[in-house]
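Asker: I have a structure here, written as structure tokens, and I will follow up with some questions on it.
The values are calculated or read from the model by the stated rules, or taken from the named source; none is laboratory data. Note that the structure is a prediction, hence the values are computed from the model and not measured. Neighbour counts run over all protein chains shown; Cβ positions are idealised from the backbone, glycine included. Heads up: the accessible areas ignore ligands, DNA and RNA and are worked out on the full protein's heavy atoms, side chains in. Shrake-Rupley method; radii C 1.70, N 1.55, O 1.52, S 1.80 Å.
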Amino acid sequence: MTASHLLVPVPIPDRVAALIGACTPSHILEAEFDADCAAREVRRFRGPRLGIEDQADREQALSELAWANKVLSAHHPHLAVRPNSAW
């Protein structure tokens, strides 16, 4: 029996990733890329003492993440990206 939190991410060969990408609609691939970038941006702005500009940038990144997750979830509910996820 395996637990999902114990699974180790395994790199996917480039040819396999290209095949997966060829089967996925382009707007889903763009949303996945945007969600990953926005999640990385949200993680960058951490801490209780953020300046006004940093708070605004974090809110902007959160809104971009929400938009991308809306597109991804419409395609498949398990594609949503979380800002604190390691994947």
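Asker: Only four residue types carry charge here, +1 at the Cβ of Lys and Arg and -1 at the Cβ of Asp and Glu. Report the dipole size of the chain about the Cα centre in Debye, rounded to the nearest 20.
Answerer: 340
Asker: While we're here: Heavy atoms only, probe 1.4 Å: what % of the accessible area of the chain goes to carbon and sulfur, would you let me know?
Answerer: 59
Asker: Continuing with the same structure: Multiply the residue gap between Glu59 and Asp36 by 0.36 nm, knock off their C-alpha separation, and tell me the result in nm, one decimal place.
Answerer: Taking 0.36 nm per residue and subtracting the Cα distance, the gain is 6.7 nm.
Asker: Still on this structure, I have one more. Once fully extended, how much extra length lies between Val10 and Lys70, figured as 0.36 nm per residue of separation less the alpha-carbon to alpha-carbon distance?
Answerer: Result: 18.9 nm gained on full extension.
Asker: What are the radius of gyration and Dmax of the chain, computed over its Cα atoms and given in Å?
Answerer: 15.2, 47
Asker: Taking the dipole about the Cα centre of the chain, with the C-beta of Lys and Arg at +1 and of Asp and Glu at -1, give me whichever of Phe33, Val71, Pro11 is farthest to the positive side.
Answerer: Toward the positive end, the furthest listed residue is Pro11.
Asker: Right, another one. Could you state how much accessible area Glu59 has, in square angstrom rounded to the nearest 10, with a 1.4 Å probe and all protein chains kept in place?
Answerer: 110
Asker: Rg and Dmax of segment 40-87, using alpha carbons, in Å: what are they?
Answerer: Looking at segment 40-87, its Cα Rg and Dmax stand at 12.1, 37 Å.
Asker: Which value at 222 nm does the chain reach when only helices count, each DSSP H run of 4 or more adding -39,500 (n - 2.57), with the total divided by all residues and rounded to the nearest 500 deg cm²/dmol?
Answerer: Taking each H run of at least 4 residues, the total per residue is -20500 deg cm²/dmol.
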